[in-house]
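Trainee: My questions all concern the structure below.
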Amino acid sequence: RVPLQYMQPPRLRVFSGDGDFASFNDDARRLLTVFDFPDLVGAEFVIQSLEGRARSEVLGRPAADRSTGPQVLAILQEAFGQPVSTLGLLEQFHSRRQKPREELLEYAQAVESLTLTVNNQAPGTITAAMQRDRFIEGLHPPALRRDMKRWVREHPDVSLRQARVEAQRWMREDNVD
């Protein structure tokens with residue numbers, strides 16, 4: 001996590017209640033996690049990127065119901081999110097791969113976010129080992145994926161975070177961007 005005083009967070013794209021809420025939600029959750037905002041600052045960070053119906057929906061709620069970033073996103077999810085079945089969420093989880101030019105940390109956070117989403121809807125569906133294995137299966141380049149699979153077979157009790165640290169170390173050693 002990056003302390004606020006060292007790095008200015010990028011602005012979220014504007015969300016008005018129309019368009020792709022899932023993408024906005026993913027971006028907002030990722031930034032809230034990376035920058036570890038205090039509660040009210042996180043809420044204001046998300047609210048600043050809202051306009052129109054979305055802004056009215058959030059500001060029309062009691063202040064106590066919108067005092068953190070995740071609370072604001074929950075209000076928006078309720079109003080504008082498309083409900084996704086557990087099966088659909090599992091499909092998203094199992095098909096997640098590291099995108100071109102996506103940083104390892106961003107990719108790991110996306111896998112963690114999908115895990116939380118699935119487990120919030122159906123508790124216990126995705127285990128820590130499944131989460132770690134999904135992370136490794138989606139790694140790019142293929143040589144890193146192969147080496148990480150081998151490493152996990154030798155260290156079966158490692159977590160996703162430990163696997164991410166190891167993958168970052170290997171990428172630095174191999175000068176892979």
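Trainee: Among the numbered conditions (1) open to solvent by less than 60 Å² (accessible area, probe 1.4 Å); (2) within 30 Å of Met171 (Cβ to Cβ); (3) more than 13 Å from the chain's Cα centre (by Cα), tell me where Thr86 comes up short.
Mentor: For Thr86, the failing item is (2).
Trainee: What tally of residues in the stretch 138-177 results from selecting those that are under 15 Å from Leu104 (Cα atoms) and of a type in the set (Phe, Trp, Tyr)?
Mentor: Matching residues across the stretch 138-177 total 1.
Trainee: Related question: Being surrounded by 16 or more Cβ atoms within 10 Å (Cβ to Cβ) and of a type outside the set (A, V, I, L, M, F, W, C) narrows it down to one residue among Gln121, Gln98, Gln92, Gln162; which is it?
Mentor: Every option except Gln98 fails the conditions.
Trainee: May I pose another question? Just wondering, is there one or more residues in the stretch 12-26 that are open to solvent by 70 Å² or more (accessible area, probe 1.4 Å), of a type in the set (Val, Ile, Thr), modelled with pLDDT of 90 or more and outside any helix (DSSP H, G or I)?
Mentor: yes
Trainee: Can you give me the ranges of the helices (runs of 4 or more DSSP H) entirely in the stretch 86-177 with at least 2 residues that are under 19 Å from Asp27 (Cβ atoms)?
Mentor: In the stretch 86-177, 86-95, 104-121 are the helices (runs of 4 or more DSSP H) which contain 2 or more residues that are under 19 Å from Asp27 (Cβ atoms).
Trainee: Please go through the stretch 81-114 and give me each residue that is among the charged types (D, E, K, R) and touching a residue at least 12 places away in the same chain (Cβ under 8 Å), ordered by number.
Mentor: Across the stretch 81-114, the qualifying residues are Arg96, Arg97, Glu106, Glu112.
Trainee: Starting from the stretch 50-73, take each residue that is within 18 Å of Thr33 (Cβ to Cβ) and list its partners that are part of a loop (DSSP other than H, G, I, E, B) and open to solvent by less than 70 Å² (accessible area, probe 1.4 Å), counting only C-beta distances under 8 angstrom and pairs at least six apart or across chains.
Mentor: Filtered contacts from the stretch 50-73: Gly69/Phe37.
The values are calculated or read from the model by the stated rules, or taken from the named source; none is laboratory data. The structure presented is a predicted model; accordingly, all values stated were derived computationally and were not measured. Cβ: placed from backbone, ideal geometry, glycine included. Neighbour counts: every protein chain shown. Keep in mind that these areas ignore ligands, DNA and RNA; they rest on the heavy atoms of the full protein, side chains included. Shrake-Rupley method; radii C 1.70, N 1.55, O 1.52, S 1.80 Å.
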